[in-house]
Amino acid sequence: MKESTRNIFKMHGWRVDRAIHNYIYFAFYDVYVVIFLLLGRSLQRFFSSLRLATKMFGMVFNRYHAKVITMEHAEKILTLNEDVILGPDKTERIIPFQYANKIILKEPQYIAVMDCPCRKSRGDAGCRPLDVCMAVGKTTAQFWLEHGARFNARKITQEEALQRLREARERGNITTSFFKVATGGRTGVICSCCTCCCGALEGQRIGKALKGGHKIDMIVPSSYVARVDADKCDACGKCASSCFFEAISIEDGAVVQSETACMGCGICVEKCPNSARSLHHDPAKGDPLDLDIAREKLG
């Protein structure tokens, strides 16, 4: 048994079922995602009117989810030089999830990158580049390296990780931190997501389309909303075209924005040529995944 496999079982302790799930999840990442999406699409197509479909999605949503994070807060994770073990977040202010609700980053300098299974599942229609998923912390990163040859997994430095994230955001990809029961209820997987390929975003859309909608979001906001300074804005439309969540539109020569739909990713702020946009904390959307705030509230 490889060292990383032993570490996975050690991490999960007596929950051998979760360790096996963890192993299958990452060792067969591409197949796992394809099956998940096929099941989700089938539920929506054939059983969307049944409450059972909503309950089935609820089981997934309660165990597999992500939080949008800003570049500033991602940088704090990717430049750590010490272990961080915080939570569980019983207040659900920072991590509003029932089961996966801890921040655990052990040996965070150990980072691996590999191909995104969501993009791979789309074949030639998937976005490029493929290698946009990162594992921060030795337990998961080493598993990727030892089991992810077909996903082109490789170890990278913290500076390389930061550069990859900057390039992804330049392409308009949002930054997300995933929390999964299958990975020990912890953070440590950082993805650069696009709305056209991301399985989690598609899953969220399917869940909301089922009977009664779904009360649990698979991807939750950063806790920020983007706002515009009307004196600086010339309604060029770059913010609207860059928004994954259709929270911005241009109407009658002015920017119109839905703060409810805004996920606070910060991409529109970065794309604005006039520095007319900025992020503001919205207490109704919880607290950000900011390690400084997390240490204060969960430490």
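The values are calculated or read from the model by the stated rules, or taken from the named source; none is laboratory data. Every value quoted in this text rests on a predicted model; they were computed, and no experiment measured them. Neighbour counts run over all protein chains shown; Cβ positions are idealised from the backbone, glycine included.
Numbers at a glance
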quantity: Qualifying residues in segment 233-266 (those that are among the aliphatic types (A, V, I, L, M) and out of contact with any Ser or Thr (no Cβ under 9 Å at 6 or more places or on another chain)) - the one farthest from ARG171 (Cα to Cα); calculated: ALA254
quantity: Of all residues in segment 1-17 being within 17 Å of ALA141 (Cα to Cα) and of a type in the set (Val, Ile, Thr), the one that is surrounded by the fewest Cβ atoms within 10 Å (Cβ to Cβ); calculated: THR5
quantity: Number of the exception - SER222 against (1) closer than 21 Å to PHE178 by Cα; (2) polar (S, T, N, Q); (3) in a helix (DSSP H, G or I); calculated: (3)
quantity: Total residues in segment 36-89, condition of a type outside the set (Ser, Thr, Tyr), modelled with pLDDT of 80 or more, surrounded by 14 or more Cβ atoms within 10 Å (Cβ to Cβ) and in a loop (DSSP other than H, G, I, E, B); calculated: 4
quantity: Members of segment 86-121 found to be closer than 27 Å to MET59 by Cβ and of a type in the set (Phe, Trp, Tyr), listed by number; calculated: PHE97, TYR99
quantity: One residue from CYS191, CYS268 being in the same structural domain as LEU78 (by TED's automatic domain parsing), under 19 Å from LEU165 (Cβ atoms) and modelled with pLDDT of 90 or more; calculated: CYS191
quantity: Conditions (1) in a loop (DSSP other than H, G, I, E, B); (2) not assigned by TED's automatic domain parsing to the domain that holds ARG128; number of the one not met by SER249; calculated: (1)
quantity: Count - residues of segment 247-274 that are within 23 Å of HIS73 (Cα to Cα) and either within 26 Å of the chain's Cα centre (by Cα) or aromatic (Phe, Trp, Tyr) (or both); calculated: 15
quantity: Among residues of segment 143-169, those that are among the β-branched types (Val, Ile, Thr) and not in a strand (DSSP E or B), counted; calculated: 1
